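Read through the structure below, which is laid out as structure tokens, and then see the notes.
The values are calculated or read from the model by the stated rules, or taken from the named source; none is laboratory data. Being a predicted model, the structure only gives us computed values, none of them experimental. Neighbour counts run over all protein chains shown; Cβ positions are idealised from the backbone, glycine included.
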Amino acid sequence: MSSKEENISSNKEMVNNNENTASNIADYEKKLPEITAIKKEDIFDLLSIPIEIYIQEAEDLYKWCQIDKDQLIKKGLDWKIVDDIPMRAGALREAESRWLIQRFNKKETGILWKKRSVEAFKLRNDIIHEFRFAYRKNEYLLGRVNAIAGNQTYAGAIQNLNDLSVLGKNYPDELKFLKFDLTLLDTAAQLAKELGSLLATIRSESDYSSIKLIRDQAFTYLKIAVDEVCEIGQYIFWKNSERKKGYSSDYLRRIRNKRQRNSAITENTNDNTEKKD
């Protein structure tokens, strides 16, 4: 393949990915009222199967059941449920992506907060130490410093940094006499601003929880449709193993078969051990 052909292929793939993403977003937005209408007590527990695999298997089911349409409808399946599977799958894919992004961002923010908050408390304590000595002969300023030092909460420490910055800039003479690095006052103010934003992000637990809730509701919404189709499909093809397998999870079937094989190997090993004894 020439370089030009590779670029064309790459561009087509990028266009397809963008189109799929746009489609998932559209599915999500259209289905959101129905998804969020699902009550918390009605949410299904997530299966022991990765979400991305469950979504793909739902889309595979949609294709698989097309040739059985007449038989499925005859046994009571509302075909609108089948037609709705791709959109429900797209909505779940988008909901999963949004939750993963939020979870990653929360984790990254937590790591950054841990690092920066340690720096903030150290800087705060260092400045307070310098200020107490610098303003030791000024009862008013010393009182201001002691009042700032008394606040030990995270939010308080953030405010402390800004308060110390303002105080030091308003009364710099005593600090200059001690050769205090006045640039630390700007650092304190900037750190206060940064930490205030980080703390607000960390405390937005309700947003994080709501995004996860929607993901779980979207999973339930898709599973309701999948279960309905699979239940009737397994009923119809209970004597036709080749068709029946398409109405159950291939992933879970492989996991189950692997466990059975491992169990059989363990039993054989135990039997051989007993014979040797």
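At a glance:
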{"item": "Condition met for residue 30 (of a type in the set (D, E, K, R), more than 11 Å from residue 217 (Cα to Cα) and either modelled with pLDDT of 95 or more or touching a helix residue (DSSP H, G or I) at 6+ places or on another chain (Cβ under 7 Å) (or both))", "result": "yes"}
{"item": "Residues satisfying the stated conditions in segment 75-102, i.e. basic (Lys, Arg) and either free of Cβ contacts under 8 Å to residues at least 60 places away in the same chain or surrounded by fewer than 18 Cβ atoms within 10 Å (Cβ to Cβ) (or both)", "result": "75, 80, 98"}
{"item": "Verdict on residue 195 being hydrophobic (A, V, I, L, M, F, W, C), under 30 Å from residue 32 (Cβ atoms) and under 23 Å from the mean Cα position of the chain (by Cα)", "result": "no"}
{"item": "Residue check, residue 231 in a helix (DSSP H, G or I), at pLDDT 95 or above and not aromatic (Phe, Trp, Tyr)", "result": "yes"}
{"item": "Some residue of segment 185-206 being more than 30 Å from residue 96 (Cβ to Cβ) and touching a Gly at 6+ places or on another chain (Cβ under 9 Å)", "result": "yes"}
{"item": "Residue pairs meeting the criteria (Cβ under 7 Å; at least 6 apart or on separate chains; first surrounded by 15 or more Cβ atoms within 10 Å (Cβ to Cβ), in segment 104-121; second of a type in the set (Phe, Trp, Tyr) and at pLDDT below 85)", "result": "106/208; 117/154"}
{"item": "Residue list for segment 124-139, filter: crowded, with 19+ Cβ neighbours inside 10 Å and of a type in the set (A, V, I, L, M)", "result": "127, 134"}
{"item": "Failed item, numbered, when residue 72 is tested on (1) more than 17 Å from the chain's Cα centre (by Cα); (2) surrounded by fewer than 18 Cβ atoms within 10 Å (Cβ to Cβ)", "result": "(2)"}
{"item": "Residue match in segment 140-151 (condition: in a helix (DSSP H, G or I) and in contact (Cβ under 8 Å) with a residue 24 or more places away in the chain)", "result": "yes"}
{"item": "Subset of segment 174-197 [assigned to a helix (DSSP H, G or I) and under 14 Å from residue 130 (Cβ atoms)]", "result": "174, 175, 176, 177, 183, 184, 185, 187, 188"}
{"item": "Boolean, residue 206 is of a type outside the set (Phe, Trp, Tyr), at pLDDT below 80 and exposed (fewer than 13 other Cβ atoms within 10 Å of the Cβ)", "result": "yes"}
{"item": "Per-region count, segment 155-173, residues in contact with a helix residue (DSSP H, G or I) (Cβ under 6 Å, 6 or more places away or on another chain) and more than 17 Å from residue 130 (Cα to Cα)", "result": "1"}
{"item": "In segment 160-184, residue surrounded by the most Cβ atoms within 10 Å (Cβ to Cβ) [restricted to those that are aliphatic (A, V, I, L, M) and in contact with a Gly (Cβ under 9 Å, 6 or more places away or on another chain)]", "result": "175"}
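So that you can scan it fast, the table gives a plain yes or no per residue for (1) over 26 Å from residue 196 (Cβ atoms); (2) modelled with pLDDT of 95 or more; (3) not aliphatic (A, V, I, L, M):
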| site | (1), (2), (3) |
| --- | --- |
| 92 | yes, yes, no |
| 106 | no, no, yes |
| 137 | yes, no, yes |
| 140 | yes, no, yes |
| 152 | no, no, yes |
| 161 | no, no, no |
| 164 | no, no, no |
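For (1) over 14 Å from residue 223 (Cα atoms); (2) modelled with pLDDT of 95 or more; (3) not hydrophobic (A, V, I, L, M, F, W, C), each residue gets a yes or a no:
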| site | (1), (2), (3) |
| --- | --- |
| 3 | yes, no, yes |
| 12 | yes, no, yes |
| 69 | yes, yes, yes |
| 75 | yes, yes, yes |
| 80 | yes, yes, yes |
| 113 | yes, no, no |
